[in-house]
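Here is the structure we will look at, set down as structure tokens.
The values are calculated or read from the model by the stated rules, or taken from the named source; none is laboratory data. If you're wondering where the values come from, they're calculated on a predicted model, not measured in any experiment. Neighbour counts run over all protein chains shown; Cβ positions are idealised from the backbone, glycine included. Calculation scope for accessible area: heavy atoms of the full protein, side chains included, ligands and nucleic acids excluded. Shrake-Rupley method; radii C 1.70, N 1.55, O 1.52, S 1.80 Å.
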Amino acid sequence: MHRHRRRVKKATGFCGWVKDLLDKGQRQLTIMVTPHDVSKVLQLRVSVMSIWIGLFLLAGLLIGVFVFSLGWVQANRWVKQTDKELQQAQASMAVIRSDIDLLRRRAEVLQEIVSDVSGHLGQGGGTVEVTTGDLSSIQKSIVDQGGGALPQESATLKEVISIIDQIEPELNTIYGNFEAQQGMFKDMPTRWPLGAGVTGYITQRFGPSRDPFTYEWQFHTGLDIAFSPGTPIVAAASGTVVKAEYDPNGYGFYVVIRHRYGFYTLYGHMQRYSVKVGQELGQGDLIGYMGSSGRVTGPHLHFEVRIGTEVVDPMRYLTMVSQGGNRHLKASYKK
């Protein structure tokens, strides 16, 4: 009962407040406008409710304008940022196009080189048929084409990958051949017989020459390379020492090494040797030191290459790898 009375009292109080508010809103206000000449006074009658509604609508309008302005500013910033990112993307795509074009051209050059090398090595070496156009035809930006440049660039990348895929087996074959040849060259007298990066000077070559003591014509069986006494002498190829002796009337302190494929090399007139018979040597291993032992006119190395019992020109083999022997030969005549 008491709760019901309280509810009725509260409802009556709220209705009274609303009624009082409406009564106040219905009150009339007179707004008078008086001109300077006081000829006629303008009177405007408005209710308080109308003023409240007008103020409410004005506040709503101002808030709407503020919100719209804020949204427009943010949208303008987003458009500018998007435009900047688009320009950066266009610049990046231009660089990517250039890089892809360069990659494609280099892949084609590499393919030609591989085909040429394969032909020289007897591997055949096919050619890659290019079916798509090059990137020079891509002129417009992504925005102008709506992203239409991407399929062309994707096609070019696929073409480059195709070229590389076709080159890879040939490169593996060539690499295997080079490895095999490198191993073969280590077993052949292809290394310059002086160590420590020394070139020396060729004082007498293979072939007919005059004896320095009798001045009579003779056949010189090796290559004479002169330099300072004590210069390291190294093995021209991998092999086994079969002789390490002293010949007072000929080679002086000399060493003979047996190699694969029937090759032998001889190193004469040394100051001393540092190997023994039966010792296994790798290409470039130390044998001894340059001197003037035996029948000589000055310190030098007498270097011979033999196949079986037949002597051959050492320069034929010293020039096989990267033309290194030719460089040594040219350097030897600078003095």
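Do we have Phe213 as open to solvent by 10 Å² or more (accessible area, probe 1.4 Å) and assigned to a strand (DSSP E or B) here? So Phe213 does not fit the description; no.
Of the set (1) at pLDDT below 95; (2) farther than 25 Å from Met320 by Cβ; (3) part of a loop (DSSP other than H, G, I, E, B), all apply to Gln218 but (3). Look at the stretch 301-313: where a residue is among the hydroxyl-bearing types (Ser, Thr, Tyr) and open to solvent by 10 Å² or more (accessible area, probe 1.4 Å) and a partner is in a strand (DSSP E or B) and at pLDDT 95 or above, sitting 6+ places away or on another chain with Cβ atoms under 9 Å, you get Thr309/Tyr264. For the stretch 79-108, residues that are of a type in the set (S, T, N, Q) and open to solvent by 80 Å² or more (accessible area, probe 1.4 Å) total 3.
Restricting attention to the stretch 229-287, the residues that are surrounded by 15 or more Cβ atoms within 10 Å (Cβ to Cβ), among the small types (Gly, Ala, Ser) and in contact with a Ser or Thr (Cβ under 7 Å, 6 or more places away or on another chain) total 3.
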